[in-house]
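Encoded as structure tokens, the structure appears first; notes follow it.
The values are calculated or read from the model by the stated rules, or taken from the named source; none is laboratory data. Here the structure is a predicted model, which is why all the values come from computation and not from measurement. Because the Cβ atoms are built from the backbone with ideal geometry, glycine has one as well, and the counts that use them run over all protein chains shown. These accessible areas exclude ligands, DNA and RNA; they are computed on the full protein's heavy atoms, side chains included. Shrake-Rupley method; radii C 1.70, N 1.55, O 1.52, S 1.80 Å.
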Amino acid sequence: MRRARTALAAVLAGAGLIAGLSGCTGGGGLGLGDKPRSPRDAIRILPDDGAKDIKADGRIEVKVPDGRLERVKVLRVEDADPQEVEGRISPDGLSWQPVGGPLLLAAKYTVDAVALDGRGRRSARHTSFTTYVPEHRFIGYFKPENRSTVGTGMIVSFDFNREVTHRAAVERAIEISSEPPVEVTGHWFGKQRLDFRPRDYWKPGTRVSVAMRLRDVQASPGVYGVQQKSVDFTVGRSQVSTVDAEAHTMVVRRGQEAPVSVPVSAGEPKNKTYNGKMVVTELYDVTRMNGQTVGFGGEYDIPDVPHAMRLTTSGTFLHGNYWAASRTFGSANTSHGCVGLRDVKGGSSATPAGWFFDRTLVGDVVEVINSHDRKVAPDNGLGGWNMEWNRWKAGSALG
């Protein structure tokens, strides 16, 4: 505990740039993805981001016009047995192609690529696509990953590829058990998303099993499930961080350790940060943030944002920043809706952003208070903790 506090104190005392964010959503909830692709995007990926119904023999390719690819990772995700697609970067460093067999049907894949352009500038892209699901079948893409260790705020979330009208039958076919035992209830958001959570955050050390018995379950007239599998995950230590947008601080509370306060910069008055409880769903060593993808025009295009932690589907991140003046950090809100921590170009574990990133799990909770914006919607990312328990239970199809 003392080592962690001493290390952070040294980081905060060091000279450097302060995060005064320029790369996130505003309070209007615009998305911050990699689509549509900017004409200036250095990394080209096939299939396109968000592509659906890709055939088993569909082409996967990653290219850059100049410079070189540093690393490429293609992974089958949200599956009982996640698996990396084997591939190789060409000798000239300009392309990556798979070397294995065909893609698996009814699966979701992610592509992460980092490259240096001809002038030595680093950029990154993250995309995803789903493969063809046979006609009259449905599948649920789910979080968290099998055998993962997650934070205490993790919500089990299913996104179905087809509309579900027989919601009770589908919900009944998904059984969630835990040790120690705790009541877990489902809540439907529309016709294609079903989330499960307990009343309160999971206790550290809880082991959770999700049994999917969806094979031949009818989701809607003539549409049947294909999944018959179980996945397990473990709840790690507790870490809940509270961002005070007015005080420009984030207080990190981890288990029995003494709280640590870190200066931050949240959303500017025109692009405020959501209030409420948000859950970390993705972590990127480096990612790209482009204002053209979220309606901000050419206000920013940062190809190498370090230590990025996604908090909402619409694009709210907590991330490192190397480009803002040090006086901003801890004293002003200047971002387009995100929460920022000081960092250096390329990222470093010796900065507040690196310190926090290295201590964070998918499933950790970040709560924003005192922002002059509305509360984040329960279906924006894993925002279900913002819904009162009785209302949550009322969203179950099982009564």
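Remarks
- Subset tally (residues that are closer than 17 Å to residue 333 by Cα and either open to solvent by 40 Å² or more (accessible area, probe 1.4 Å) or in contact (Cβ under 8 Å) with a residue 24 or more places away in the chain (or both)) for the range 229-253: 9
- Cβ-Cβ under 8 Å pairs, at least 6 apart or on other chains, the range 172-197 side outside any strand (DSSP E or B), far side of a type in the set (Phe, Trp, Tyr) and open to solvent by less than 60 Å² (accessible area, probe 1.4 Å): 182/202; 192/160
- Boolean, residue 120 is at positive phi and open to solvent by 30 Å² or more (accessible area, probe 1.4 Å): yes
Listed here are the residues, each with its yes/no results for (1) more than 21 Å from residue 231 (Cα to Cα); (2) outside any loop (DSSP other than H, G, I, E, B); (3) among the polar types (S, T, N, Q); (4) modelled with pLDDT of 95 or more.
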site	(1), (2), (3), (4)
40	yes, no, no, no
66	yes, no, no, no
80	no, no, no, no
96	yes, yes, no, yes
106	no, no, no, no
110	no, yes, yes, yes
124	yes, yes, no, no
128	yes, yes, yes, yes
135	yes, no, no, no
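- The range 79-95: number of residues that are touching an Asp or Glu at 6+ places or on another chain (Cβ under 7 Å) and of a type outside the set (Ser, Thr, Tyr): 1
- Residue satisfying condition, being in contact with a helix residue (DSSP H, G or I) (Cβ under 8 Å, 6 or more places away or on another chain) and either part of a loop (DSSP other than H, G, I, E, B) or in contact (Cβ under 8 Å) with a residue 24 or more places away in the chain (or both), within set 211, 258: 258
- First in the range 146-165 and free of Cβ contacts under 8 Å to residues at least 24 places away in the same chain and open to solvent by 10 Å² or more (accessible area, probe 1.4 Å), second anywhere and outside any strand (DSSP E or B) and basic (Lys, Arg), Cβ under 7 Å, 6 or more apart: none
- Within the option set 209, 261, being small (Gly, Ala, Ser) and within 23 Å of the chain's Cα centre (by Cα) holds for one residue only, 209.
- If you go through the range 337-374 and keep only what is in contact (Cβ under 8 Å) with a residue 12 or more places away in the chain, within 17 Å of the chain's Cα centre (by Cα) and surrounded by fewer than 21 Cβ atoms within 10 Å (Cβ to Cβ), you end up with 359, 360, 361, 367.
- Test: residue in the range 217-226 that is buried (at least 21 other Cβ atoms within 10 Å of the Cβ), assigned to a loop (DSSP other than H, G, I, E, B) and touching a helix residue (DSSP H, G or I) at 6+ places or on another chain (Cβ under 7 Å): yes
- Flag for residue 133 being buried (at least 21 other Cβ atoms within 10 Å of the Cβ), aliphatic (A, V, I, L, M) and touching a residue at least 60 places away in the same chain (Cβ under 8 Å): no
- Scanning the range 298-336 for residues that are within 21 Å of residue 114 (Cα to Cα), assigned to a loop (DSSP other than H, G, I, E, B) and open to solvent by 20 Å² or more (accessible area, probe 1.4 Å) yields 322, 323.
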